[in-house]
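Here's the structure we're looking at; comments come further down.
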Amino acid sequence: MTPFETVDCYDYPKYWDLSFQDETELECDFFEDVFKRFGQGDTHRVLDIGCGGGRNVVEMATRGFKMLGLDNNEASLAYLARQLYEKDLNAETVSTDMADFQIEPPLDAALCTFNTFRHLLTEEQAESHLHCVARALRPGGLYVLGFHILQDYDDPECEEHWTNRDGDVEVTTTLEVVQSCREERLETLLFHLQVRDGEKQLRLKAEYPYRIYNPTQFRDLLAKVPEFEICEVYDFNYDIDDPMPFDDEISDAVFVLRKI
């Protein structure tokens, strides 16, 4: 069998986005519900942070929002630009570092889901990121921030598998935690992508470091950014009518933050 090729999976946005495509409609429905329930004023201009190939940018633009997609991977942004052109949609793309950026205010909302936030590996980067978002949002603007919060009882060797298809393209993804150090607050995730694209077959793999948060550590981080208040907390089921407490049992968390 052909061995897996070590790559940056973000250089393959068509396949990376397809891996998570099943979540797109559910996420975007949730975003709209959040805007209606917690927004102060109308929500039009929305920033998707770490947008990758832009699955949520495209979907939200289709729904009529004025979207901006921010990422530091040029292949992903080029793919997003092609998708927008082919679908006759308007959105902006911004190539910059999510830890240190300036967006012309005012934004009505910002989005960052599926652990993208955990690519910020230090406390300084994470705090800088939150301040950047706050500066770009108008007063009352919302930040929907979703990521996995690690519990002491979580299995450090967890592994997940799933398959998604779109036409003659099929991607089977395996995610595995290959290293975890709670003292250094870092874990390494290994992704394997087995791709069938018509007659083409690819076997891709990539490792990425992620910062670890437990509930106390994220509370401490938020305390450094008083521009934000927590409106509500949800899990990855994205049910606007089923919030969850921000307690020590929290795991897959989606925070709805509002700029004061």
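Going residue by residue through segment 69-87, is there one that turns out to be more than 22 Å from R165 (Cα to Cα), at pLDDT 95 or above and of a type in the set (S, T, Y)? Yes, that holds for at least one residue.
Which one of E25, E32 is within 18 Å of the chain's Cα centre (by Cα), within 26 Å of G167 (Cα to Cα) and free of Cβ contacts under 8 Å to residues at least 60 places away in the same chain? Let's see the steps before the verdict.
Details: E32 fails: within 26 Å of G167 (Cα to Cα).
After ruling out the rest, the residue left standing is E25.
Here G50 passes the criteria (1) on the phi > 0 side of the Ramachandran plot; (2) open to solvent by less than 10 Å² (accessible area, probe 1.4 Å) except the one numbered (2). Within segment 226-246, the set of residues being charged (D, E, K, R) and either open to solvent by less than 20 Å² (accessible area, probe 1.4 Å) or assigned to a loop (DSSP other than H, G, I, E, B) (or both) comprises E227, D235, D239, D241, D242.
Quick one: which residue in E74, E23, E27, E32 is out of contact with any Cys (no Cβ under 8 Å at 6 or more places or on another chain), buried (at least 20 other Cβ atoms within 10 Å of the Cβ) and among the acidic types (D, E)? Walk me through how you get there before you give the answer.
Values: E74 fails: buried (at least 20 other Cβ atoms within 10 Å of the Cβ); E23 fails: buried (at least 20 other Cβ atoms within 10 Å of the Cβ); E32 fails: buried (at least 20 other Cβ atoms within 10 Å of the Cβ).
The conditions single out E27.
Among residues of segment 185-201 that are free of Cβ contacts under 8 Å to residues at least 60 places away in the same chain, those with a beta-carbon under 8 Å from a residue that is open to solvent by less than 40 Å² (accessible area, probe 1.4 Å) and among the aromatic types (F, W, Y) at least six positions away or on a different chain give the pairs R185/Y213; E187/Y210; T188/Y208; T188/Y210; L189/Y208; L189/Y210.
Tell me yes or no: at least one residue of segment 184-204 is of a type in the set (G, A, S) and within 22 Å of the chain's Cα centre (by Cα).
Kept after step one, since they are of a type in the set (G, A, S), are these residues of segment 184-204: 198.
Cutting the leftovers down to within 22 Å of the chain's Cα centre (by Cα) gives us none.
Scanning segment 184-204, I find no residue that is of a type in the set (G, A, S) and within 22 Å of the chain's Cα centre (by Cα), so the answer is no.
Count, please, the residues in segment 110-131 that happen to be within 13 Å of L70 (Cβ to Cβ) and either aromatic (F, W, Y) or surrounded by 20 or more Cβ atoms within 10 Å (Cβ to Cβ) (or both). Let's see the steps before the verdict.
Quick first cut of segment 110-131, residues within 13 Å of L70 (Cβ to Cβ) only: 110-112, 116-117, 119, 129.
After this cut, where a residue has to be either aromatic (F, W, Y) or surrounded by 20 or more Cβ atoms within 10 Å (Cβ to Cβ) (or both) as well, the list is 110-112, 116-117, 129.
Total satisfying the criteria: 6.
From the list A253, A223, the lone residue that is at pLDDT 95 or above, among the aliphatic types (A, V, I, L, M), open to solvent by 70 Å² or more (accessible area, probe 1.4 Å) and under 20 Å from V133 (Cα atoms) is A223.
Restricting to segment 1-58, what's the tally of residues that are aromatic (F, W, Y) and touching a helix residue (DSSP H, G or I) at 6+ places or on another chain (Cβ under 6 Å)? Let's see the steps before the verdict.
So in segment 1-58, the residues aromatic (F, W, Y) come out as 4, 10, 12, 15-16, 20, 30-31, 35, 38.
Still in the running and touching a helix residue (DSSP H, G or I) at 6+ places or on another chain (Cβ under 6 Å): 10, 16.
Going through segment 1-58 one residue at a time, the tally reaches 2.
Looking only at segment 215-260, how many residues end up being basic (K, R), under 22 Å from R185 (Cβ atoms) and touching a residue at least 60 places away in the same chain (Cβ under 8 Å)?
Of segment 215-260, the ones basic (K, R) are 219, 224, 258-259.
When the remaining residues are screened for being under 22 Å from R185 (Cβ atoms), the result is 219, 224.
Among the residues that remain, those that are also touching a residue at least 60 places away in the same chain (Cβ under 8 Å) are: 224.
The qualifying residues number 1.
The values are calculated or read from the model by the stated rules, or taken from the named source; none is laboratory data. Keep in mind the model is a prediction, meaning the values are calculated, not measured. In this analysis, Cβ positions are derived from the backbone assuming ideal geometry, glycine residues included, and neighbour counts consider all displayed protein chains. The protein model used for the area step is the full one, side chains on, heavy atoms only, and it has no ligands, DNA or RNA in it. Shrake-Rupley method; radii C 1.70, N 1.55, O 1.52, S 1.80 Å.
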